[in-house]
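Shown next, in structure tokens, is the structure this report addresses.
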Amino acid sequence: MVPSKLKRHLTTKHPGESLKTRLYFERLLNSNKRAASSMIKRVTISDKALEASFKVAELIAKNMNSHVIGEKLIGPACLVMVETMLGKESKDVISKVPLSNNTISRRINEMADDINDIVLEKIKNQKLFSLQIDESTDRTSKAQLLGFGRFVDNSNIVEQFLFCKELKSTTTGKDIFDVVNNFFEKSGLSWNYCCGVCTDGAPSMTGKYKGFVTLAKIKNPAMIITHCFIHREALVAKTLGEQMLKVLNDVIKIVNYIKSRPLKTRIFETICKEMGSDHIHLLLHTEVRWLSRGQVFNRVIELKEELELFFEKENLPVYKNFFRNENWCYILAYLADIFKKLNDLNASMQGQLQQLIIEHLILLEEKIEHYFPSLTTSADWVVLPFDFTDNMNELDLTNDEKNEFIDMCSSSTIRILFNSQKSNIDSFWLNLASEYPSISQKAILLLLPFSTSYLCEQAFSALNNIKTSSRNRLKNVEPDLCLAVSTVSPRIEELCKKYQSQISH
């Protein structure tokens, strides 16, 4: 008998019904109530366990840990803490959270897909976006192509992770273009709305005939191409003459001699401590880290006397004599300075080295003009619009854009708005989109393209943390990387609704 019928039966008088029969029906109704209450409790626990499973998986991915850490460490640790603090009953509740390796992997994949859907939906709503891509190899020597998008989100310009795709064989410009183009087609993105691409300037990216940029420009000729500004330091190294290149290589040899030998490192550390030096270690140079050269040279200069004494004790006159060679030291000082801040020369450098330095700077200027042509274009009006009211003819604007620009600059209200938002120029122009659509659109087109490929380089560091030597068989690293570097949160509540809640066994 169902509970509703039992209730009606017990609330109605039945002549001739015995007390024993009535007690039987009461016990039956109470039993049904307890069963229903237990079922509701189990369903509630199951829902919470599912939600907790997603949230733990998100934490694992954010911290770039192995998926197995859920069942090997997090789960057991939670059980120990809960049982110790709250008792065995609470421990039994916590044990229902699914944290197996396969479950965590599945949760991460689902959250990554959800984040990707959110980002692509935002891009499609706004249409215009720019792209930042870079290619590098992971710990297993597999080529990985990373991509980030920059687009308008509400009243801000934001940057978000788009993809991480493995290049199966070669890494030519055509291969890179095919991967990006395939991503665009699957995601429903159009090259027509890609207003800019930023790369590191590698031949596969910027090749004149078959480079990625050349192929992308065929799809959208109006696209703005930018060379990563951070790579200017790498450009300096490539323009060095024979003499300067020799000093650079000498410094690398000196550092590697000490840093690659633990015993030598300890001896050098002892010398530095005895001499009361500010530093006791040299810095290791690496080609992948752009900013390492200047730091390496500065540290060598700061520890010049300590290094000279070290090599004297090591009986290595070749290295010791470097620091007694005046010209060698001048070039070292110049390289340290140029790598730290371009065009800021050390005042003590003069004499026969002057011509050598001038030649290097002239060559460097030519290369910068070649690789960074955007530096010579006039886009200052976007950052300082009120400084150009008397020089309208210098601006590359249409008549409609000029009219809006003049009207905008004559408004005292907008001038106040600009002064209050100088630190966020993106928001300033986005807030003018409805009132001054033409000039605002022109400014946004110049603000959207990336100026550096820093996000890709940062993501490669995360990639190396995820795909470690102990996890080198991880086939698809994209979902983990997406959660690790993305600032968009997955819609966990929506993802939970897709499941019929089940308790971990």
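Each residue, Gln295 and Met275, gets one label point 7 Å from its Cα in the Cβ direction; the gap between the two is 2.2 nm.
Largest first, how would Tyr257, Tyr209 line up by accessible area (1.4 Å probe)? Before the final figure, lay out each step's value.
Details: Tyr257 40, Tyr209 180 Å².
Accessible-area ranking of Tyr257, Tyr209, largest first: Tyr209, Tyr257.
The dipole here belongs to segment 116-157: it is taken about the Cα centre, uses +1 on the Cβ of Lys and Arg and -1 on the Cβ of Asp and Glu, and is about 60 debye. Shown in residue order for segment 161-174 are the 3J(HN,Hα) couplings computed by the Karplus curve 6.51 cos²θ - 1.76 cosθ + 1.60 at θ = phi - 60°: 5, 10, 7, 9, 10, 7, 8, 5, 10, 7, 10, 6, x, 5 Hz (x for Gly and Pro).
When all protein chains stay in place and ligands, DNA and RNA are ignored, the 1.4 Å accessible-area order of Met275, Met392, largest first, is Met275, Met392.
Between Ala222 and Glu121, the C-beta separation translates, for a Förster distance of 25 Å, into a calculated FRET efficiency of about 0.50. Accessible-area rank, largest first, for Asp178, Asp337, Asp134: Asp178, Asp337, Asp134, with all protein chains present and a 1.4 angstrom probe.
Multiplying the residue separation of Ala202 and Thr468 by 0.36 nm and subtracting their alpha-carbon distance yields 93.1 nm.
If R0 equals 35 Å, the separation of the Cβ atoms of Glu185 and Asp47 corresponds to a calculated FRET efficiency of about 0.40. Over 32 Å apart at the Cα level, from the set Lys62/Lys217; Lys168/Lys208; Lys48/Lys72, are Lys62/Lys217. Each label was represented as a point 7 Å from its Cα along the Cα-to-Cβ direction; for Asn102 and Asp396 these points are 5.8 nm apart. All other residues whose Cβ lies under 13 angstrom from that of Tyr436 are scored, Lys and Arg at +1 and Asp and Glu at -1, for a net of -3. Within 12 Å, Cβ to Cβ, of Cys496, how many net charges do the neighbouring residues add up to if Lys/Arg are +1 and Asp/Glu are -1? Neighbour charge sum, excluding Cys496 itself: 0.
The distance linking segment 83-144 with segment 382-413 is 46 Å (Cα centroid to Cα centroid, whole angstrom). Cross-link pairs exceeding 19 Å in C-alpha to C-alpha distance, out of Lys55/Lys497; Lys246/Lys320; Lys174/Lys475; Lys127/Lys497, comprise Lys174/Lys475; Lys127/Lys497. Only protein heavy atoms count here; under a 1.4 Å probe, Arg139 has an accessible surface of about 140 Å².
The values are calculated or read from the model by the stated rules, or taken from the named source; none is laboratory data. Quick caveat: nothing in here was measured; it's all calculated off a predicted structure. A quick note on method: Cβ atoms are made from the backbone with ideal geometry, for glycine too, and the neighbour counts reach across all protein chains shown. Quick note on the areas: whole protein, heavy atoms, side chains included, nothing else; ligands and nucleic acids left out. Shrake-Rupley method; radii C 1.70, N 1.55, O 1.52, S 1.80 Å.
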